[in-house]
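Reading through the structure tokens given below for one structure.
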């Protein structure tokens, strides 16, 4: 939303073309819980959410959010959940205070991610799985960075079924591939072109490293060009000396012939 776009009285598209939500105090923007319970969990939530944002940056019809309250029943405030990351195909990008499903064409997020923390319990995660299953989520992924464990479920008809082998799995909706090495905190999510998800900080580091390498390559190219120019100057000088020597030899031969001597 640009600064020139006034807040709408109801959710809709602003003049900028982005979807703009309208705050409704009936549905709080926060559940009072922290986004993450540890830096490790936070890092992974950011990695996944920012990676998804970048992946669908050119798709105006794909909405990506992290830790956003999703209200799934109109008029029932307690019917809400805040996935660590979610993707909704068929909804425009833009600002939301919350994702109120009845204002979003009734669309439930098709893909949901949850990242374990030390505060999560198996019972809590089982409740989330059952809820997402009931709400119609198509793909659901749980990652536990403490042990590098990745689990996934894929909708098969009316129910989500466990994905037997997630390591090497390619998401039908996202097109990304998951690699789950045995090392702790080692999940790799690769875009369709093979590049891995990274955080903004990691992307800046990569950019800085690529800029450093580009500068080094440019410096080496400049040095090579200077050497080539110096070698060219030396070659020109040697060619001139050879021509001068040939001219001197020709003049000497001419003088000898004038003296009646055979220069050969």
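The values are calculated or read from the model by the stated rules, or taken from the named source; none is laboratory data. In this text, all values refer to a predicted model and were calculated from it rather than measured experimentally. Virtual Cβ from ideal backbone geometry, glycine too; neighbours counted across all protein chains shown.
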Query raised in the report: Can residue 179 be described as under 30 Å from residue 155 (Cα atoms) and at pLDDT 85 or above?
Result: yes
Query raised in the report: Taking segment 24-58 on its own, how many of its residues are within 14 Å of the chain's Cα centre (by Cα) and either more than 21 Å from residue 140 (Cα to Cα) or assigned to a loop (DSSP other than H, G, I, E, B) (or both)?
Result: 3
Report summary line: Flagged pairs (Cβ under 9 angstrom, 6 or more apart or on separate chains; first in segment 89-110, at positive phi and surrounded by fewer than 20 Cβ atoms within 10 Å (Cβ to Cβ); second in a strand (DSSP E or B) and at pLDDT 95 or above) are 90/62; 90/63; 94/63
Query raised in the report: Could you list, in sequence order, the residues of segment 7-39 that are touching a strand residue (DSSP E or B) at 6+ places or on another chain (Cβ under 8 Å), at pLDDT 75 or above and more than 21 Å from residue 101 (Cβ to Cβ)?
Result: none
Report task. Scan segment 133-159 for residues that are at pLDDT below 95 and part of a loop (DSSP other than H, G, I, E, B) and jot them down. Result -> 145, 146, 147, 148, 157, 158
Query - Unique match (being farther than 23 Å from residue 61 by Cα, in a loop (DSSP other than H, G, I, E, B) and out of contact with any helix residue (DSSP H, G or I) (no Cβ under 8 Å at 6 or more places or on another chain)) among 130, 120 - result: 120
**Report entry** Scan of segment 123-153 for residues that are over 29 Å from residue 39 (Cα atoms) and either in contact (Cβ under 8 Å) with a residue 60 or more places away in the chain or buried (at least 20 other Cβ atoms within 10 Å of the Cβ) (or both), ordered by number
**Finding:** 135
Report task. Answer with yes or no whether residue 240 is modelled with pLDDT of 85 or more, under 29 Å from residue 154 (Cβ atoms) and surrounded by 10 or more Cβ atoms within 10 Å (Cβ to Cβ). Result -> no
Query raised in the report: Taking the stated definitions as given, is residue 66 surrounded by fewer than 17 Cβ atoms within 10 Å (Cβ to Cβ), modelled with pLDDT of 85 or more and under 21 Å from the mean Cα position of the chain (by Cα)?
Result: no
